Structures are given as C-alpha cells and as structure tokens.
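What follows is a set of notes on a single structure, which appears directly below.
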Amino acid sequence: MNIRPAGKGDLVMIERVRRETFAHFAPAHYSAEEVDNLLENFDAAEALAMIENGSLFVAETGSVIVACAGWHREHIRHVYVKPAMTGMGIGSTVLSHAENDFQKRTSVPTIQANVILYAAGFYRRSGYSVISEERAWDGSAYYRMSKELGSPSGL
Ligand SMILES: CC(C)(COP(=O)(O)OP(=O)(O)OC[C@H]1O[C@@H](n2cnc3c(N)ncnc32)[C@H](O)[C@@H]1OP(=O)(O)O)[C@@H](O)C(=O)NCCC(=O)NCCS
C-alpha cells in the first residue's frame, strides 16, 4: 500500500470512498434522514483547502484509492476506508500518517476529531479519548475526541 498527498484529481474518488463507507456503516446507527444528510454534506471547499495545504492523504493499492485521511486546522478529517478493505490495519496506518504530518508541521501537541458514533472504538484503539458528546445541526449525535501527540521530537 502506498500513501501519498491527494491531488485535485483525487477529489471525485475521495468523495466516492466517503459515500461508500457512510452508506455501508451509518444506517445501523443513524436515521435515514441523518444518513442522507451525512452523504450530502461533503465539504468540497474544505477538502480542496486540505489538498492545497498538502494535508489530505490517500492510500492506494495498485492505482486504486482504498482509503484517505487528513487534517484541517487542529482536526483530523476524512478518515475513510473502503468497506471491503476494513479490518486490515489500513485505517490506523493512514490515520497515523496524517497525525505524524500534523505533528511535524504544526508542533501542536493535541489533535481533535469529530467522530461519528460507530467509529469511536477505532479512535479509542488509536489513543483518542472522548471530550464530549455533541449534536450536529440536524440533531445527529457525534463525539468530540482528542489525542495527545506530544512534541515532534518526542521530548
Ligand atoms: C473506522 C474505520 C476508519 C476503521 O478502518 P479499519 O481499516 O477497519 O481500521 P483498522 O483495521 O486499522 O483497525 C484498527 C483497530 O481499531 C479497531 N476498530 C476498527 N473499527 C472499529 C470500530 N468501528 N469499532 C471498534 N473498533 C474498531 C480494529 O479492530 C483494530 O483493533 P486492533 O488494533 O485491536 O486490531 C473504517 O471502518 C471506516 O472507514 N469507517 C467508515 C467511515 C468513518 O466513519 N470514518 C470516520 C469518520 S469520523
């Protein structure tokens, strides 16, 4: 698997992976209306800003994008793994890549994530703790989570 910074030409595939993962996982935890909102609320402008900042990454096997992850300001964003490829360590690998890049480039010791309910276990396994449970504009629940990364040198 190769991890590289996303380019503008990857945006369509990134949104496709996002749609595929939400359509697969979200219906067990959210109402049909909330799932529709999740599917539609892709912030393309933010994703583009991340691409321009070099802070959105894609993971490929061959030339096929199977996952992505990145950071924007002080948040981890867009962590998605194609449903057929989950449970193989891809999510944690691509998340670590984004965290390391954030730590190297910002030196901010703490990173945050707004986490959809069913992904909380994944983030806990990756060292995040729940700060609070929040409600989005449509009433759907999510967790604010954070992780202490420390300084880039580890000191
Ligand atoms: C959540 C997601 C990123 C996990 O990706 P993945 O490639 O399956 O994760 P990994 O294989 O790297 O798993 C790492 C660890 O987390 C655990 N884990 C993964 N998903 C989990 C979940 N939903 N609940 C609890 N634990 C989970 C794994 O069992 C593994 O534990 P281990 O280290 O003890 O073996 C992936 O399922 C996904 O894309 N989901 C839909 C999109 C999404 O909700 N993204 C988050 C937006 S906030």
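Here, each number is a calculation from the coordinates, and none is a lab measurement. Please read these numbers as outputs of a predicted model, since none were measured by experiment. Cβ coordinates were reconstructed from backbone atoms using ideal geometry, including for glycine residues, and neighbour counts include every protein chain displayed.
In the Gaussian network model of the chain, springs joining C-alpha atoms below 10 Å, which of ALA141, ALA119, ALA28 carries the largest mean-square fluctuation?
Maximum fluctuation in the GNM of the chain, among the listed residues, is at ALA28.
Report the extension gain between ARG135 and LYS8 in nm, rounded to one decimal, defined as 0.36 nm multiplied by the number of residues separating them, less their alpha carbon distance.
42.6 nm
For a quick size check, give me the Cα extents of segment 1-88 along its three principal axes, largest first, whole Å.
Answer, in whole Å and largest first: 34, 28, 22 Å.
What's the local net charge at PHE25, with K and R +1, D and E -1, over the other residues with C-beta under 14 Å away?
Counting the neighbours of PHE25, the net charge comes to +1.
At what distance in nm do the modelled label points of ARG124 and VAL108 sit from each other, each positioned 7 Å from its Cα along Cα→Cβ?
Computed distance between label sites ARG124 and VAL108 equals 2.6 nm.
Work out from phi, with θ = phi - 60° and the Karplus expression 6.51 cos²θ - 1.76 cosθ + 1.60, the ³J(HN,Hα) of each residue of segment 64-77, listed in order in whole Hz, and give x for Gly and Pro.
3J(HN,Hα) across segment 64-77, in whole Hz: 9, 6, 10, 6, 8, 6, x, 9, 9, 6, 10, 10, 6, 9.
Given the options ALA98, ALA26, VAL79, identify the residue whose Cα lies farthest towards the positive end of the charge dipole of the chain (+1 on Cβ of Lys, Arg; -1 on Cβ of Asp, Glu).
Farthest towards the positive end: ALA98.
Give me the percent of DSSP beta bridges within the chain that run antiparallel, rounded to the nearest 5.
95
Roughly what would the spin-label model give for SER151 and HIS29, points 7 Å off Cα along C-beta, in nm?
Taking the simple label geometry, SER151 and HIS29 are separated by 3.6 nm.
Using alpha carbons only, how many angstrom separate the centre of segment 1-36 from the centre of segment 120-135?
Answer, in whole Å: 19.
With a cut-off of 8 Å between alpha carbons and a minimum separation of six or more residues, what is the relative contact order of the chain in percent?
Computed over the chain, the figure is 20 percent.
Give me VAL108, VAL12, VAL66 sorted ascending by neighbouring Cβ count inside 10 Å, so fewest comes first.
The most exposed by this proxy come first: VAL12, VAL108, VAL66.
Largest first and in whole Å, give the semi-axes of segment 8-155's equivalent ellipsoid, each being the square root of 5 times a Cα gyration tensor eigenvalue.
Square roots of five times the eigenvalues give 23, 19, 15 Å.
Would you kindly derive the ³J(HN,Hα) couplings of segment 98-114 from the backbone phi angles with the Karplus curve 6.51 cos²θ - 1.76 cosθ + 1.60 (θ = phi - 60°), listing them in order in whole Hz, with x for Gly and Pro?
5, 4, 5, 5, 4, 5, 5, 8, 10, 6, 6, x, 10, 10, 10, 8, 9
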